[in-house]
1. Using r as the Cβ-Cβ distance of Glu83 and Asp131, and R0 as 25 Å, what FRET efficiency do you calculate, to the nearest 0.05?
2. I want to check the label-to-label distance for Glu115 and His43. Put each point 7 Å from Cα in the C-beta direction and report it in nm to one decimal.
3. Between Lys53 and Asn106, what is the label-point separation in nm under the 7 Å Cα-to-beta-carbon projection?
4. Short version: ³J(HN,Hα) in whole Hz for each residue of the stretch 120-132, in order, from phi by Karplus 6.51 cos²θ - 1.76 cosθ + 1.60 (θ = phi - 60°), x for Gly and Pro, what are they?
5. Multiply the residue separation of Thr182 and Lys75 by 0.36 nm, subtract the distance between their alpha-carbon atoms, and state the gained length in nm to one decimal.
6. Along the Cα→Cβ direction, 7 angstrom out, place labels at Asn66 and Lys175. What is the inter-label distance in nm?
7. Of the trypsin sites (Lys or Arg not before Pro) in the stretch 36-122, which ones lie in a loop per DSSP and count no more than 11 other C-beta atoms within 10 Å?
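All of the numbers you see were taken from the coordinates with simple rules; none came from a lab. Everything numeric here is computed off the predicted structure, so don't read it as measured data. All Cβ positions, glycine included, derive from the backbone under ideal geometry; neighbour counts span all protein chains shown.
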Amino acid sequence: MLQLRLKNDIYILRIKSALKNMTVIYEDLEYYMQQSVVKDEKHSLNFSSFLEKRVEFFTDLSISKNIKIKSTIQKDIMINFNEIELYRIIDNNISNAIKYSKDSSNIDVILEKNEGLVSLIFIDEGIGIKDTSKIFERYYRGDKITGGFGIGLSIVKNICLKNKIKIEVFSKLNKGTKFIYTFKY
């Protein structure tokens with residue numbers, strides 16, 4: 001109702017951004033608490049359109065920091081995967097990229113298929129990561145200021161181990177970070 005009345009008000013945008021952040025944190029906590037009972041149901045998914053929808057979901061959050069998300073998504077990439085687990089991988093990476101990026105910077109989200117492999121890549125122009133070996137540890141947080149519980153990337157790592165997804169992380173302080181997830185299809 002407020003959005004209809006106030007249109008492009010900055011406060012409405014911030015409220016929507018905060019709600020989306022809370023949604024990601026809630027879904028991480030829910031997955032974490034129920035991961036032993038999450039069914040390993042895999043379905044044929046159009047990874048391309050799935051990813052496009054997730055990028056769109058985070059648009060308000062990125063706009064609130066004047067961050068531009070550029071997506072380069074190869075069309076009609078199909079994978080057999082658990083939808084809930086794919087949400088966790090994508091949402092954690094986009095959410096973290098926005099959270100740790102500088103205002104007025106860019107985030108690249110890339111999906112491409114090459115010789116039996118699918119690469120999902122997230123590149124930000126953020127603060128960088130001092131020690132990439134620790135980021136997948138449960139409860140580890142890059143800093144205490146930006147919020148969260150430090151479980152998101154731990155969940156992502158467990159999903160990747162379970163599904164034999166290769167993870168690569170490249171980071172330079174004050175330059176940004178690149179996450180590459182390689183799926184076999």
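1. Details: r = 32 Å, r/R0 = 1.29.
According to the calculation, E is roughly 0.20.
2. Computed distance between label sites Glu115 and His43 equals 3.3 nm.
3. Once both label points are built, they end up 2.8 nm from each other.
4. 10, 10, 10, 10, 10, 10, x, 6, x, 10, 4, 10, 5
5. Values: separation 107, 0.36 × 107 = 38.52 nm, distance 1.70 nm.
Answer, rounded to one decimal: 36.8 nm.
6. The two pseudo-label positions are separated by 2.5 nm.
7. Values: sites: Lys39, Lys42, Lys53, Arg54, Lys65, Lys68, Lys70, Lys75, Arg88, Lys99, Lys102, Lys113; in loops: Lys39, Lys42, Lys65, Lys75, Lys102.
Taking the stretch 36-122 and a limit of 11 other Cβ atoms within 10 Å, the loop trypsin sites (Lys or Arg not before Pro) found are Lys39, Lys75.
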